[in-house]
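Here's the structure, in structure tokens; my notes come after.
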Amino acid sequence: MKRFEFKTFEDFVGYTSFYKNDNKIRLYRGQKEDWPLESKLLRLVEKKNRINEFYKIEKAIFNEFKMHYVKVIGQNGDSNDWGILSLAQHYGLPTRLIDWSSDPLVALWFAFEEEKENTNDRIVWGFVVED
């Protein structure tokens, strides 16, 4: 794993633009702190010291969301569990999913969208899919 540090917006844009047309799949994730790459659900069950119940909790939360989803959307909505799970993630439900973007500026926005009380570095993770 390589680590890069940027002091300016221009440096970040310059670096990410350099690789824009290399035909590789690049994904980015912005975080306001240097947290591990863990899902919201994993952080929640770890915090509650219930990691051994991860799948049980995940299933209960998802089934509750899915029940309400079907009531609101009806049977005409997405019936694929992965599609419903990604929608649940979008609305803030704790899931096993981790949000990524193909646009480094979107990731940078998420890293800086909220003010914070400390001066710790903000983080943009980059991931390259190799052949």
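The values are calculated or read from the model by the stated rules, or taken from the named source; none is laboratory data. As the structure is a prediction and not an experimental result, all values here were calculated from the model. In this analysis, Cβ positions are derived from the backbone assuming ideal geometry, glycine residues included, and neighbour counts consider all displayed protein chains. The area values use the complete protein model at the heavy-atom level, side chains included, leaving out ligands, DNA and RNA. Shrake-Rupley method; radii C 1.70, N 1.55, O 1.52, S 1.80 Å.
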*Pulled fully out, how much extra length does the chain show between residue 80 and residue 15, if you take 0.36 nm times their separation in residues and subtract their Cα-Cα distance?*
19.6 nm
*What's the angle, to the nearest 10 degrees (0 to 90), between helix 81-90's Cα axis and the longest principal axis of the chain?*
60
*For the pairs 48/71; 24/116; 32/66; 2/24; 2/32, note any where the Cα-Cα span goes beyond 26 Å.*
48/71; 24/116; 32/66
*Quickly rank 104-112, 82-90, 45-53 as a protection proxy: mean count of other C-beta atoms within 10 Å, highest first.*
104-112, 82-90, 45-53
*Full-stretch length increase - residue 120, residue 66 - with 0.36 nm per residue and alpha-carbon distance subtracted*: 15.7 nm
*asked:* With every protein chain kept in place and ligands, DNA and RNA left out, what is the accessible area per residue of the chain? Probe 1.4 Å, answer in Å².
replied: 78
*From the residues 127, 104, 84, which one has its Cα farthest along the dipole of the stretch 72-131 in the positive direction, the dipole being from +1 and -1 charges on Cβ of Lys/Arg and Asp/Glu about the Cα centre?*
84
*For residue 107, what is the net charge nearby, where nearby means another residue's Cβ is under 13 Å from its Cβ and Lys, Arg count +1, Asp, Glu -1?*
+1
*Could you please state how large a percent of the accessible area of the chain is carbon and sulfur, counting protein chains only and using a 1.4 Å probe?*
53
*Hey, rough spin-label estimate for residue 2 and residue 37, points 7 angstrom out along Cα→Cβ, what's it come to in nanometres?*
1.6
*In the P(r) worked out for the stretch 41-107, what percent of Cα pairs fall beyond 15 Å?*
58
